[in-house]
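Nothing in this text is a laboratory measurement; each read-out follows from the coordinates by a stated rule. Remember, predicted model here, so these are calculated numbers, not experimental data. We place every Cβ from the backbone using ideal geometry, glycine too, and count neighbours over all the protein chains shown.
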Amino acid sequence: MVTILVFKGAIAHFYTELSNFFCMFAGYSSYTFAAVKKQFNLKAVKGHLFPNIISIQPSAWLVKTLQLSNQMSVVSEKSRSEWLVAPLMLEVKDKNLDKMNVLSGENLEVDKAQSLTGECDFLFVKDPDTITIETPIFCLVEAERHDLTAGTGPCIAQMIGARLLNERDGFNFPTMYGCVTTGNDWQFLKLENQTITLERDLIYINEIPKLLGLFQAIVDAF
């Protein structure tokens with residue numbers, strides 16, 4: 001019995017190490033939460049990213065758009081992106097025309113050797129006029145199969161890639177922000193030095209003023 005347990009443990013360890021190995025060559029989407037922590041020597045904690053979030057009321061346009069979304073079939077990842085996530089991204093941009101820009105589907109190519117490469121669902125960049133990835137400050141990952149946990153690893157990897165790109169370009173942003181969302185549930189994150197802070201409370205799509213307030217706090221942090 002002891003021999004069997006040792007064998008099973010060895011097999012489990014082997015597959016974990018194999019997963020970590022492939023993460024090094026397959027891009028952001030391949031990183032698991034455990035793998036990205038190990039690869040970049042990160043510590044993970046839970047806390048409140050912004051203790052005092054000021055809620056922001058949505059525009060009439062966003063309210064109407066989300067009301068229409070509720071009447072549609074929002075089941076696939078594509079539909080969640082188009083009918084739930086993208087309208088919120090447009091709302092944030094509209095409230096910050098001179099402060100930032102929102103990019104969608106851009107490749108964040110930073111370091112192939114560390115697998116910091118691949119497409120990002122959405123990025124906030126500090127330059128309001130740029131149409132390329134310059135000075136990224138926020139990475140948003142749309143979770144596949146409604147799995148927030150599976151999306152956390154890729155999101156952290158993108159945040160690391162964004163920080164390295166900024167450092168390479170001479171911009172010192174000590175803190176990076178990110179979010180993983182199913183469209184309905186939103187998990188926010190912060191990367192500061194070697195610590196990842198996961199927002200203790202999930203935010204839900206029916207909490208639009210709070211969501212917008214948190215997005216605004218992120219934009220204002222830069």
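Only loop residues by DSSP count here, and only those with at most 10 other Cβ atoms within 10 Å; note down the trypsin sites (Lys or Arg not before Pro) in the stretch 170-222 that meet that. It would help to have the intermediate numbers written out before the result.
Numbers: sites: Lys190, Arg200, Lys210; in loops: Arg200.
Passing sites in the stretch 170-222 do not exist.
Name the residue farthest towards the positive end of the dipole of the chain from the options Ser59, Ile137, Ala26, assuming +1 on Cβ of Lys and Arg, -1 on Cβ of Asp and Glu, about the Cα centre.
Towards the positive end, the residue furthest out is Ala26.
When all alpha-carbon pairs of the stretch 101-222 are counted, what percent fall beyond 21 Å?
Of all Cα-Cα pairs in the stretch 101-222, 33 percent lie more than 21 Å apart.
Taking the chain as the reference, fit the longest principal axis to its C-alpha atoms, fit the long axis of helix 208-220 to the helix C-alpha atoms, and give the angle between the two in degrees, 0 to 90, nearest 10.
Roughly 80 degrees, rounded to the nearest 10.
How many percent of the alpha carbon pairs in the stretch 26-149 exceed a separation of 16 Å?
72 percent
Hey, for a label at Val45 modelled as a point 7 Å past Cα toward Cβ, could you say which residues of the stretch 202-222 have their backbone N under 19 Å away?
Only 202 fall inside the zone, counting backbone N under 19 Å.
Sticking with the crude label model, points 7 Å out along Cα→Cβ, report the distance from Asn193 to Leu90 in nm, one decimal please.
4.2 nm
Using a Gaussian network for the chain with springs between C-alpha atoms less than 10 Å apart, which of these wobbles most: Asn193, Asn184, Asn96?
Taking springs between Cα atoms under 10 Å, the residue moving most is Asn193.
Could you tally the net charge around Tyr31, taking each other residue with its Cβ under 11 Å from the Cβ of Tyr31, Lys/Arg +1 and Asp/Glu -1?
Taking every Cβ under 11 Å from that of Tyr31, the sum is +2.
When the chain is treated as a GNM, springs tying every alpha-carbon pair under 10 Å, which of Gly178, Gly118, Gly170 comes out with the largest mean-square fluctuation?
Gly170
How many percent of all Cα-Cα pairs in the chain sit more than 22 Å apart?
I get 51 percent for the Cα pairs in the chain exceeding 22 Å.
Looking only at Leu198, Leu68, Leu88, which one moves most when the chain is put into a Gaussian network model with springs between Cα atoms under 10 Å?
Among Leu198, Leu68, Leu88, the largest mean-square fluctuation in the Gaussian network model of the chain belongs to Leu68.
Tell me what the chain gives for mean residue ellipticity at 222 nm when only DSSP H runs of n ≥ 4 count, each as -39,500 (n - 2.57), the sum divided by the residue total, rounded to 500 deg cm²/dmol.
Rounded to the nearest 500, it is -12500 deg cm²/dmol.
On a full-extension model of 0.36 nm per residue, what is the gain between Gln71 and Glu134, subtracting their alpha-carbon distance, rounded to one decimal in nm? Could you put the intermediate results ahead of the total?
Working: separation 63, 0.36 × 63 = 22.68 nm, distance 3.72 nm.
Extra length from Gln71 to Glu134 when fully extended: 19.0 nm.
I want to check the label-to-label distance for Arg145 and Arg168. Put each point 7 Å from Cα in the C-beta direction and report it in nm to one decimal.
Result: 3.2 nm between the two label points.
Could you tell me how many cubic angstrom of Cα convex hull volume the stretch 89-158 has per residue?
In the stretch 89-158, the Cα convex hull volume per residue is 88 Å³.
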